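All remarks here apply to the structure that follows.
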Amino acid sequence: MLGIYSSPMKYCPLCQSDLVSRPVEGDMRLACSSQQCKFVHWNNPIPVVAGLVRCNGQYVLARNASWPPGMFSLITGFLEHGESPESAILRETEEELGLTGHECKFIDHFALPEFNQLIIAFAVEAYGHVKLNEEIAEVQLVAHDQLATFDFGCLELTNTVVSHWLKNA
């Protein structure tokens, strides 16, 4: 039942034997086929930060360059080795929007199982002028009262994060 994994791994990174799908601690996992090797691919979720950025009193929603027109969301990025989630979202705010984040408040964490990701969401206060990088096609500035009714379309997790923020802020 190898289809449960999105991993392209076929061989053990320790001994180069074939990886096989077998039960390990109650779940089907990719594991080394060699009796001498104990390697298990745990397929742990990837940590991703998301930021609901506010600058000059307006929320900055971004459209990824690969998305269709009209689809806006929060900015996101992968947590890098040795980086705290707070540092990561401040870095992403600067990289993707050209804004300097000076404060971030934890919103909550959310599972995104279809991408095997753990989303760690923050509200970010920033200053500066928006300067988009190549990942972002455009932004839309939204007032606080518009945020509650903004149509995020099929981006259900974005709607959940924003609703959670508005309810608990």
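The values are calculated or read from the model by the stated rules, or taken from the named source; none is laboratory data. Quantities reported herein were computed from a predicted structural model and do not represent experimental measurements. Ideal geometry is used to build each Cβ from the backbone, glycine not excepted, and the neighbour counts take in all protein chains shown. These accessible areas exclude ligands, DNA and RNA; they are computed on the full protein's heavy atoms, side chains included. Shrake-Rupley method; radii C 1.70, N 1.55, O 1.52, S 1.80 Å.
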*asked:* Suppose we keep only residues that are open to solvent by less than 80 Å² (accessible area, probe 1.4 Å) and without any contact (Cβ under 8 Å) to a residue 24 or more places away in the chain within the stretch 28-81. Which one would you say is nearest to the chain's Cα centre (by Cα)?
replied: 68
_Number of the exception - residue 153 against (1) closer than 22 Å to residue 65 by Cα; (2) open to solvent by less than 100 Å² (accessible area, probe 1.4 Å); (3) without any contact (Cβ under 8 Å) to a residue 60 or more places away in the chain_ = (3)
_So, residue 78, is that one among the hydrophobic types (A, V, I, L, M, F, W, C) and over 30 Å from residue 42 (Cβ atoms) or not?_
no
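The rows are residues; the columns are (1) free of Cβ contacts under 8 Å to residues at least 24 places away in the same chain; (2) open to solvent by less than 30 Å² (accessible area, probe 1.4 Å).
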{"residue": "93", "(1), (2)": "no, yes"}
{"residue": "114", "(1), (2)": "yes, no"}
{"residue": "117", "(1), (2)": "no, no"}
{"residue": "121", "(1), (2)": "no, yes"}
{"residue": "126", "(1), (2)": "no, yes"}
{"residue": "132", "(1), (2)": "no, no"}
{"residue": "138", "(1), (2)": "no, no"}
{"residue": "141", "(1), (2)": "no, no"}
{"residue": "144", "(1), (2)": "no, no"}
